[in-house]
Amino acid sequence: MTDATTAARWRAAILAAVLVAGGGGYWLGQRGTDEMASGAASGDGGKILYYYDPMFPNQKFDQPGKSPFMDMELVPKYADGGGGSEAAPGVAVDPSARQSLGIRVVAAETGSLAATLDVTGTVDFNQRDFAIVQARSGGFVERVYRLAPGDVIRAGAPIADVQSPEWGGAQTEYLSVKRLGRPELTAAARQRLRLMGMPEGVIAQVDRSGRTSGTVTVRAPIGGVVQTLSARAGVTLAEGQTLAEISGLGTVWLNAALPEVQAGTVQIGQRANAKLTAFPGETFAGRVVAILPTAAADSRTLTARVELANRGGRLRPGMFATVALGGDAKPALLVPSEAVTRTGTRTIVMLEMGDGRYHPAEVETGREGGGKTEILRGLAAGEKVVASGQFLLDSEASLTGIAVRSLGYAK
């Protein structure tokens, strides 16, 4: 065999090997492409319609990959809503994407919930503990003791010395009747002094001394703060004229701003605990004595009036406080408050269906406290709700038109 013949045979063998290798590579590549297409069309999740970012569900992508908006993988959208063709309706989330979406699930459970409501308020005078000091008869002011509006005085403190000629005349008449030695006339004259408003101490002094005194020292009937002081030395007084007004400090009112939507949870007689910034670490106990009948139009709040004991007069009107209005603990079906979404027209929770799917359900809520919300209707004990990440699921459910489970549902 010549060298030319040998070389020709080698060239033919190499060409055949190249053709076989090329054909095999094309077949493998085509087979891999067909398998990927088949998986996309009929895999575990059904036919993939498009890919999307759960944070921006309106934006659709033809190919998988990283989201241009967030540092996360795009999620496939299947033709049957995320699962096989026999799956129940709901929002399906791939298990690998659940952690990146921050989805956390908890079970609804029966527990005890105290109707505790934290609000703010300010300290005010107790308007029931109020005294008006008046002139009981006509006369004039001889002396005014060193007082001014805003002063804190004790009960019985002197306010002014008032000269009353009418009282002097009545005392002279009383002493004259007493000298007659007729007890019934003396008692009638003494009663006349009382009806004129003369204090028993003044009458007793006239009895003991046998001398008249038309001057009387007007004293504070209660301890507290002098609100107004009209007495001035030398001023002529008419009967019933006001000399001073005093607000007591034995108890104070704490006017708490109660949200209108929570008005039904607070009752008269309910306990309350107040904390004031002026006394850190201390708690002042009281009770709700009234809920005022009008609401503030700008803040939509009612005023809950709490009465507090004011030992030592430390609580001063105008002080700011936080108030915990507490009721008796009652059993209730509870979920975390963060699991509840209020749309404005209804209240929604996202249920975990147990097969990687989530479904919205309407609920009726009640009291709140300690991070828990009471469920009155629409949910049963043991059902699992999404406590975080439910906003994304709710948005997806709205986009895909998934019907919300009604309140009439009974498990």
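The values are calculated or read from the model by the stated rules, or taken from the named source; none is laboratory data. Everything numeric in this text was worked out from a predicted model, so none of it was measured. Here the Cβ positions follow ideal geometry from the backbone for every residue, glycine too, while neighbour counts run over all protein chains shown. Ligands, DNA and RNA are stripped out before the accessible areas are found, and what is left, the full protein with its side chains, is counted by its heavy atoms. Shrake-Rupley method; radii C 1.70, N 1.55, O 1.52, S 1.80 Å.
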Seminar exercise, completed: Sole miss for VAL206 among (1) modelled with pLDDT under 90; (2) surrounded by fewer than 17 Cβ atoms within 10 Å (Cβ to Cβ); (3) not polar (S, T, N, Q) is condition (2)
For this session: Looking at (1) in a loop (DSSP other than H, G, I, E, B); (2) modelled with pLDDT under 90; (3) touching a strand residue (DSSP E or B) at 6+ places or on another chain (Cβ under 9 Å), find the lone condition where THR212 falls short.
Result: (3)
Exercise. Can you spot a residue in segment 264-274 that is closer than 30 Å to SER406 by Cβ, touching a Phe, Trp or Tyr at 6+ places or on another chain (Cβ under 8 Å) and surrounded by 14 or more Cβ atoms within 10 Å (Cβ to Cβ)?
Worked result: no
For this session: Considering every residue within segment 149-172, establish whether at least one is farther than 17 Å from SER213 by Cβ, assigned to a loop (DSSP other than H, G, I, E, B), in contact with a Leu (Cβ under 7 Å, 6 or more places away or on another chain) and open to solvent by 30 Å² or more (accessible area, probe 1.4 Å).
Result: yes
Exercise. Do any strands (runs of 3 or more DSSP E) entirely within segment 217-283 hold 1 or more residues that are of a type in the set (S, T, N, Q) and under 30 Å from ALA135 (Cα atoms), and if so, which?
Worked result: 224-229, 242-248, 251-259
Problem set entry | Contacts under 8 angstrom Cβ, first residue in segment 294-310 being at positive phi, partner among the acidic types (Asp, Glu), 6 or more apart | ARG300/GLU260
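Okay, residues lined up against (1) open to solvent by 70 Å² or more (accessible area, probe 1.4 Å); (2) assigned to a helix (DSSP H, G or I); (3) of a type in the set (Val, Ile, Thr):
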site	(1), (2), (3)
ILE132	yes, no, yes
SER176	no, yes, no
GLU184	yes, yes, no
MET198	no, no, no
Seminar exercise, completed: Taking segment 300-318 and keeping only residues that are open to solvent by 40 Å² or more (accessible area, probe 1.4 Å), in contact with a strand residue (DSSP E or B) (Cβ under 7 Å, 6 or more places away or on another chain), outside any strand (DSSP E or B) and not charged (D, E, K, R), one is left with PRO317, GLY318
